[in-house]
Structures are given as C-alpha cells and as structure tokens.
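See below for the structure under consideration.
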Amino acid sequence: MEKGKLIVFEGIDGSGKSAHYRRVCQHLEADGIDYNHIVFPRYDKESSALLRMYLNGEFGSNPSDVNAYIASTFYAVDRVAAYRTDWGEAYNAGGFVLSDRYTTSNAVHQGAKLKNEELGEFFEWLYDFEYVKLELPKPDLVIYLDVDLETSLARMKHRQEKTNTSADIHEKDVRYLENCLRVADRAADHYGWLRIPFMKDGIEREIDEKHEEIYSIIKETIGH
C-alpha cells in the first residue's frame, strides 16, 4: 500500500506557525478532508522527559550548554515514540498527517548553536539520523513561515502575558533567536522548504491572505 502524505509547519517562535496550523486544521475539518494531526514536542508524554529537563535549564541555563547533536536526540526520541504509538499506522495506511514542527525544528533550533561552516555537515547528519537511522518518514512538504526578530519577540511576549507562562531557555536568549533566523534561512535552502514570506511590498501580510495561499498549496499536495 502506498504511504500517506506528511506536511510539516515550521518557523521560529512568534512566526505565526501554530496559528496557521490551527487555521488549516479547522479548514480541513470544514471541508470534510480526513487527516491526522500531531504537535511537537509532546510535553505531556514520557518520551519528552529529557527535552523538558533541557528546556527547563536542568542541563544548563544557556542553550549552548547542551550541544546541537545531544539536544537533537532528545527531540528525536519524542518523534519516534509518537510515530510508533500514534500516527505511524495511519500514515503507513495511506493517511494524511499534518504536523506542527518535526525534524525540521532540530535543523533550526539546534543548528543555531553552530557556525555557518558547520551547518552543512549538521544538516546531513540530521537527515541521516532521523530519516535513515531512526526510520522516521520524510515530509512531502515543509511550510516555513518567515518572520523578523522584532515581530517574533513581540509576539512571544504577548503570548506569555496572555497565557501567564514564562520563557524557556530558548525564548530568553535573543542572540539565540537571531541565530535561529539565520539558520532557518540556510535550512530552507538546503532542504527545499516552501517559504511563506512575512512581508509583501514592505508591508506585513494579512493572516487571511497567507492562510489562503497555504491552504491551496496543501490541497494541491494531497491531491484535493
């Protein structure tokens, strides 16, 4: 049986990634299109124990206290557990799976710890580690939502105030977020991600306009 379709939303914190993901889910349901959805990391699962310790600063208060390769394994374990116990069966039976973050997030957030000249090797290692060694499915499409640093920081602050939550060690480090944007740009080119521009003619794009663009691309990818 032909395997299903896997579409991934990616973007740094404050890019609008999760908001667009939720909108697409609602649109799919309204159109009666069957799909499975997954959000990473799965903080409520035992498989995320190490990454929660990492984000809470138990291995060091700075993201660079845990190198890119070690931290990547924390997140990869959670993905393998999800694939084996949650969405893998549906995907392998030909189903459509929509994911908020995936291996792509390791490329961005862990790659941000590396120098430019180290990124190519890391990207290749990550591809081999998760898609070959761990046998996770490769995405059919990665939708990358671009954003600038100022907007990212403002949206994160608003979200934390609205939800009464505090920033994790990634969100507290502005230099780290700058590096995430740098690396995401490189990763999008390296892996061939689909970019959704943040601006158009020097003006921030409306969320409805971006949603219609994203949704039409998804429907085309899954053959609807």
Item checked: Pairwise label distance in nanometres, Leu149 with Lys45, each label 7 Å out on the Cα-Cβ vector -> 3.4
Margin query: Using 0.36 nm times the number of residues separating Glu135 and Glu206, minus their current alpha carbon distance, what extension gain do you get?
Written below: 21.8 nm
Check: Which distance in Å, rounded to a whole number, links the C-alpha centroids of region 88-147 and region 1-21?
Finding: 11
Notebook entry, point to check: Quick one: how many Å² of His224 are accessible to a 1.4 Å probe, rounded to 10?
Noted result: 130
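Any chance you could run the full-extension gain for Ile33 through Ile217? It's 0.36 nm times the residue separation minus the Cα-Cα distance, nm to one decimal. Working shown, then result.
Numbers: separation 184, 0.36 × 184 = 66.24 nm, distance 1.45 nm.
Full extension of this stretch gives 64.8 nm more.
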Check: In whole Å, what are the Cα extents of the chain along the three principal axes, biggest one first?
Finding: 45, 43, 37
Next item on the list: Calculate for the chain the 222 nm mean residue ellipticity that helices alone would give, adding -39,500 (n - 2.57) per DSSP H run of length 4 or more and normalising by residue count, nearest 500 deg cm²/dmol.
Entry: -14500 deg cm²/dmol
Notebook entry, point to check: At a probe size of 1.4 Å, how large is the accessible area of Thr103, to the nearest 10 Å²?
Noted result: 10
Checklist line | Around His211: net Lys/Arg minus Asp/Glu count, Cβ-Cβ under 12 Å | finding: -1
Checklist line | Lysine-lysine proximity count for the chain, Cα under 20 Å, sequence distance 8 or more or distinct chains | finding: 19
Margin query: If I ignore ligands, DNA and RNA and count only protein heavy atoms, how much of Phe129 is accessible to a 1.4 Å probe, in Å² to the nearest 10?
Written below: 40
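The values are calculated or read from the model by the stated rules, or taken from the named source; none is laboratory data. Quantities reported herein were computed from a predicted structural model and do not represent experimental measurements. Note that each Cβ is placed from the backbone with ideal geometry, even for glycine, and that neighbours are counted across all protein chains shown. Areas reflect the complete protein model, heavy atoms only, side chains present, ligands, DNA and RNA absent. Shrake-Rupley method; radii C 1.70, N 1.55, O 1.52, S 1.80 Å.
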